[in-house]
1. Conditions first: (1) away from the ligand (no atom under 12 Å from the Cβ); (2) crowded, with 18+ Cβ neighbours inside 10 Å. Pro168 passes all but one, so which condition is the exception?
2. Can you find, within the stretch 207-227, the residue that is farthest from the ligand (Cβ to nearest atom) among those that are open to solvent by less than 10 Å² (accessible area, probe 1.4 Å) and of a type outside the set (A, V, I, L, M, F, W, C)?
3. Go through the stretch 181-219 and give me each residue that's among the small types (Gly, Ala, Ser), in contact with a Leu (Cβ under 8 Å, 6 or more places away or on another chain) and under 26 Å from Lys238 (Cα atoms).
4. Confirm whether Phe60 is crowded, with 17+ Cβ neighbours inside 10 Å, among the aromatic types (Phe, Trp, Tyr) and under 30 Å from Glu18 (Cβ atoms).
5. Output the residue which, of all residues in the stretch 175-192 that are within 16 Å of Arg134 (Cα to Cα) and within 10 Å of the ligand (Cβ to nearest atom), is most open to solvent (accessible area, probe 1.4 Å).
6. Could you grab the pairs with beta carbons closer than 9 Å, sequence gap of 6+ or different chains, first residue in the stretch 226-249 and over 19 Å from Ile207 (Cα atoms) and in a loop (DSSP other than H, G, I, E, B), second one open to solvent by less than 50 Å² (accessible area, probe 1.4 Å) and not aliphatic (A, V, I, L, M)?
7. Test Lys24 against the stated conditions and say whether it is open to solvent by 40 Å² or more (accessible area, probe 1.4 Å) and on the phi > 0 side of the Ramachandran plot.
8. Select from the stretch 160-193 the residues that are part of a helix (DSSP H, G or I) and free of Cβ contacts under 8 Å to residues at least 40 places away in the same chain and list them in ascending order.
Amino acid sequence: MRKMIIAGNWKMNMTNSESSELVKSLVEQIGQVENPLVIVCPPYTALSVVKKLLDGSNIFLGAQNMYAEQSGAYTGEISPSMLLTIGTTYVILGHSERREYFSETDRMVSAKVKLALESGLLPIVCVGEKLDERESGKTEDVIGSQIDGSLADLDADDMKKIIVAYEPIWAIGTGKTATPEMAQEVHSFIRGRLKDRFGDIADEVTIQYGGSVKGDNAAGLLSQPDIDGALVGGASLKVDQFVKIVNSV
Ligand code: 13P
């Protein structure tokens, strides 16, 4: 059985005091939930503060990015070993906002995935098509090549440690969610692609959906056979919304 996983991507939001407030409420309300597995991904500046408050709960800590080197002259970057020293377990890699605003390519994402795995971090690898790509019938081409490129040179054992997140770019922050059927179609395509490359382990890979997931649309999405969780942006900043999403599994 693959794991249901709900992760909150706080993006560039939340001061340390706001983070504390949010996470205290989450621990109170969903801190002991075991299914789904719950992850919060605060900004780097709040990771330590949040980690202390998560201790003793079942909620895991994730980062939103990392650099593909362990140390050195890379001003402004954060390495996997730095994330590990503060108790980070997961790391989001290849988010569409990184790809779009910071020019991250599949090659760069793939280097990060490899170093994350070598270091002991568990990657959440994001893929997703733009609106014009969907409208011109290229969704599978785009997603297929992102999967191949971002997960290059890995084997089935590596794949056991990876979460894939399908986030159609046109659904991120727009309030437009893919219908459960539209999302299921792509999730099933992704699982098929993983199966071709890595074999039966593909059945164990958690594939999350992301893009305007809210308390009232989560249940429909999560009931699809190949949707194994959600990567939640805006709604993860609101306690009641995020708790509702977690409780809709
Ligand atoms: P929204 O839930 O705000 O659409 O963001 C989705 C996302 O990008 C999560 O990584």
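1. (1)
2. Gly215
3. Within the stretch 181-219, Ala183, Gly210 qualify.
4. So Phe60 fits the description; yes.
5. Per the stated criteria, the residue is Lys176.
6. Correct list of pairs: Lys238/Gly215.
7. No: the conditions fail for Lys24.
8. Selection gives Met182, Glu185, Ser188, Arg191, Gly192.
The values are calculated or read from the model by the stated rules, or taken from the named source; none is laboratory data. Quick caveat: nothing in here was measured; it's all calculated off a predicted structure. Cβ coordinates were reconstructed from backbone atoms using ideal geometry, including for glycine residues, and neighbour counts include every protein chain displayed. These accessible areas exclude ligands, DNA and RNA; they are computed on the full protein's heavy atoms, side chains included. Shrake-Rupley method; radii C 1.70, N 1.55, O 1.52, S 1.80 Å.
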